[in-house]
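The values are calculated or read from the model by the stated rules, or taken from the named source; none is laboratory data. This is a predicted model, so every value here is computed, not measured. Cβ placement follows ideal geometry from the backbone for every residue including glycine, while neighbour counts extend to all protein chains displayed. Accessible surface areas use protein heavy atoms only, side chains included; no ligands, DNA or RNA. Shrake-Rupley method; radii C 1.70, N 1.55, O 1.52, S 1.80 Å.
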Amino acid sequence: MKKAYDIIIVGGGIVGCSIAFEMAKRGHSNILLIERGYLSGGATGRCGAGIRQQWGSVLNATLAVESTHIFENLEEYTGYKGNCGLNQAGYLLIACTEKEWDQFQKNLEVQHQLGVDSYPVDLEKDVYKYVPFINTDGIYGATFCQKDGHADPFHCTFAYAYGARQLGVDILTYTEVLSLKAEGGKIKGVSTTKGDFEAPMVINCANAWAPGLAAQVGDEIPVFPERHQALVTEPVAPMGPNGPMPMVMSFHRKFYVQQSPHGSFIMGIAETEPVSFNIRSSWQFLEECCGVICDTLPALRGLRVVRQWAGLYDMSPDRNPIIEFSKNAEGLITICGFSGHGFMVAPRTAILVAKHLCNEQDDLDIKRFSADRYRTGELLLEPSVV
Ligand SMILES: Cc1cc2nc3c(=O)[nH]c(=O)nc-3n(C[C@H](O)[C@H](O)[C@H](O)COP(=O)(O)OP(=O)(O)OC[C@H]3O[C@@H](n4cnc5c(N)ncnc54)[C@H](O)[C@@H]3O)c2cc1C
């Protein structure tokens with residue numbers, strides 16, 4: 001195996017794999033991607049894999065809309081022979097207060113500027129056409145977008161990895177990066193459980209573990225780990241109007257729930273969690289999640305839960321990603337802080353990074369994602385996150 005590369009990518013989740021593919025597509029394939037476990041074994045393989053375009057900030061909406069276009073053709077885009085499982089069954093977002101509903105009106109304006117086909121839904125008559133069994137008590141309003149949905153996070157990651165490999169990228173799994181090597185203010189490579197590898201550029205896509213690696217060269221990335229849990233029920237007959245029930249999501253009640261094409265329901269809630277790398281499942285989550293969701297969707301009461309799991313959100317102070325070019329070790333780039341929505345924006349984020357590294361023009365300004373924003377106060381504010 002080669003010991004010297006142009007680029008080393010740490011982390012085999014959707015972010016690392018998509019960046020490897022986008023760089024290789026632009027002719028830079030002397031890349032080694034290193035993953036501690038198996039591809040998508042981190043947050044990516046544990047996520048709800050929801051893809052929504054109903055965002056409230058132009059930046060997030062742009063990342064999500066343009067990523068959705070890629071998800072719609074990911075197999076063709078990467079040459080992958082598998083099925084990435086995109087299911088555009090729609091998202092019904094519910095507002096539970098007048099203030100939240102006012103915000104939804106502003107969000108719709110942002111979405112419409114970008115061509116998103118999202119719209120308000122009449123709670124008296126129309127909401128049941130989308131989610132037949134919803135209890136509308138305490139719901140102030142709702143919006144819907146048919147092109148929102150979810151995909152298979154494993155196959156999406158494998159698709160990018162497949163495409164990257166076809167273009168010459170080397171992928172080393174079950175190999176941990178133990179330390180970053182830097183000298184004279186420049187990155188030189190990494191030390192791993194399978195020896196040392198050299199490269200003048202290292203892209204750190206290690207999610208919640210990325211700040212720990214970056215700290216080795218003195219970079220302070222203000223991202224912390226937070227456990228988030230999810231569960232899946234037994235499969236049942238489709239509970240949507242024409243098939244599986246669309247995603248129902250509430251920022252106020254802090255939950256999301258969707259029915260997969262297979263019939264099972266996947267759901268989660270945001271709990272108050274301490275900063276920790278703990279990814280054990282808890283009975284408190286099971287109880288709280290089922291209670292909150294069954295209040296809004298009583299028809300799910302009695303469904304049997306077949307599995308529960310947890311993963312880590314990489315939380316940034318403004319709950320938006322950080323793309324940081326190291327000032328201590330030139331050539332080191334740390335990309336993390338996706339704060340629970342990295343799956344759906346990864347395709348466009350990878351293009352943003354690859355275009356910047358290949359000196360291509362981009363409508364998005366990569367500097368907006370720098371951690372400098374926490375010093376200057378120019379935060380990336382997003383009104384609509386769970
Ligand atoms: C329960 C849950 C639900 C979610 N739901 C959604 C959703 O519906 N929609 C959405 O868009 N996002 C969702 N997310 C967030 C989403 O999963 C992440 O933002 C996204 O997957 C981040 O991708 P990543 O590649 O940065 O991280 P990861 O997939 O975590 O990849 C990082 C990889 O780096 C590896 N690594 C770490 N340290 C090292 C090292 N030292 N050496 C080698 N490898 C290392 C890890 O093993 C890991 O595989 C959810 C997350 C969770 C936990």
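One table, with the values for the structure above:
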read-out: Per-selection Kirkwood Rh - region 225-275 (Cα, Å, 1 d.p.); value: 11.9 Å
read-out: Kirkwood Rh (inverse of mean 1/r, distinct Cα pairs), the chain, angstrom; value: 21.3 Å
read-out: Considering only region 1-158, percent of DSSP beta bridges that pair antiparallel, nearest 5; value: 75 percent
read-out: Beta bridges by DSSP in the chain, antiparallel share as percent, to the nearest 5; value: 70 percent
read-out: Alpha-carbon centroids, region 1-63 and region 289-342: separation in whole Å; value: 16 Å
read-out: Karplus 3J(HN,Hα) series, Hz, for region 244-251 with 6.51 cos²θ - 1.76 cosθ + 1.60 (x for Gly, Pro); value: x, 5, x, 5, 10, 9, 10, 6
read-out: Within the chain, helix-based [θ] at 222 nm, where runs of 4 or more DSSP H residues each add -39,500 (n - 2.57), nearest 500; value: -8500 deg cm²/dmol
read-out: At 1.306 mPa s and 10 °C, Stokes diffusion of region 277-386 via Kirkwood alpha-carbon radius, µm² per second; value: 93 µm²/s
read-out: Value of D in µm² per second that Stokes-Einstein yields for region 92-228, Kirkwood Rh from Cα pairs, at 4 °C (1.567 mPa s); value: 65 µm²/s
read-out: Furthest towards positive pole of dipole, ILE322, VAL217, ALA199, structure part the chain, Cβ charges; value: ALA199
read-out: Phi-based couplings in Hz for region 134-146 (Karplus 6.51, -1.76, 1.60; Gly and Pro marked x); value: 6, 9, 8, 4, x, 9, 8, x, 8, 10, 9, 9, 5
read-out: Region 143-184 residues near the modelled LYS194 label - backbone nitrogen below 17 Å, point 7 Å along Cα→Cβ; value: 161-162, 164-166, 168-179
read-out: Across LYS2/LYS81; LYS25/LYS81; LYS186/LYS327, pairs whose alpha-carbon gap is larger than 21 Å; value: LYS2/LYS81
read-out: Size of charge dipole - region 257-379 - debye, nearest 20, with Cβ of Lys, Arg +1 and Asp, Glu -1, no other charges; value: 300 debye
read-out: Spacing of the two label points (7 Å from each Cα toward its C-beta) at GLU176 and LYS99, in nm; value: 4.4 nm
read-out: Rg/Rh (Cα only; Kirkwood hydrodynamic radius) as it applies to region 164-204; value: 1.01
read-out: Region 35-171: C-alpha gyration tensor shape, a/c 1.5 cut-off, then a/b vs b/c; value: prolate
read-out: Sulfur and carbon atoms: percent of accessible area, the chain [1.4 Å]; value: 51 percent
read-out: Cα-centred dipole magnitude for the chain, charges only on beta-carbon of K, R (+1) and D, E (-1), debye, nearest 20; value: 860 debye
